[in-house]
Amino acid sequence: MAMSMGGGGKGKRRRAISDINVTPLVDVMLVLLVIFMITAPTLKEGFFVEIPQADATQQINIEDAFQVTVTEAGLVLKPGAQTDDLKYDRLTDLIADLGKYKKEQDAAQKPITVMIVGDRNARYERIMHVWNAVRNAGISQVSLQVDPGAPADVIEAGKS
């Protein structure tokens, strides 16, 4: 903080003039901006799930779809989960959430669609448990998310 003393002659009252020096503040803010710009792209977004491929796919509008993720370890994640902390401990909790989703979609007169995003290495049995939970919630429109294109093992088998 800089201070200067005004006046100078005898008998005159001196008054302190205080100014805030913003240069260090701007320097610190620019350093923080650079740090965040460098680290932001390296942050992990979402939960990584390796999706299987299929050549006969149909695209659906997923804007209002209820998305359930099944990880390789068999965890069933809630919609929008970024970590495995947001998982369903029991499938009955999933059924309850699906019931709420169904009521909301019915009230808004929107289509009811559930998308199961299953990791390629997840057990088929676990994906079927989730499928059955969706059906038990009274939802008939269930989709499995896959990447378009022929699976690599099918391509390799066709070469021989």
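Coordinate-derived values only; no laboratory data. Quick caveat, the model's predicted, so the values are computed rather than measured. All Cβ positions, even for glycine, are placed from backbone atoms using ideal geometry, and neighbour counts span all protein chains on display.
Quick notes on this one:
- Burial ordering of Val142, Val31, Val70, fewest other beta-carbon atoms within 10 Å first: Val31, Val142, Val70
- Area projected by the alpha carbon convex hull of region 67-114, averaged over all directions, nm²: 3.5 nm²
- Net charge of Cβ neighbours under 12 Å - reference Ala133; Lys, Arg +1; Asp, Glu -1: +1
- Sorted ascending by nearby beta carbons within 10 Å, beginning with the fewest, Arg120, Arg90, Arg13 become Arg13, Arg90, Arg120.
- Counting beta carbons within 10 Å around each of Tyr124, Tyr101 and listing the fewest first gives the order Tyr124, Tyr101.
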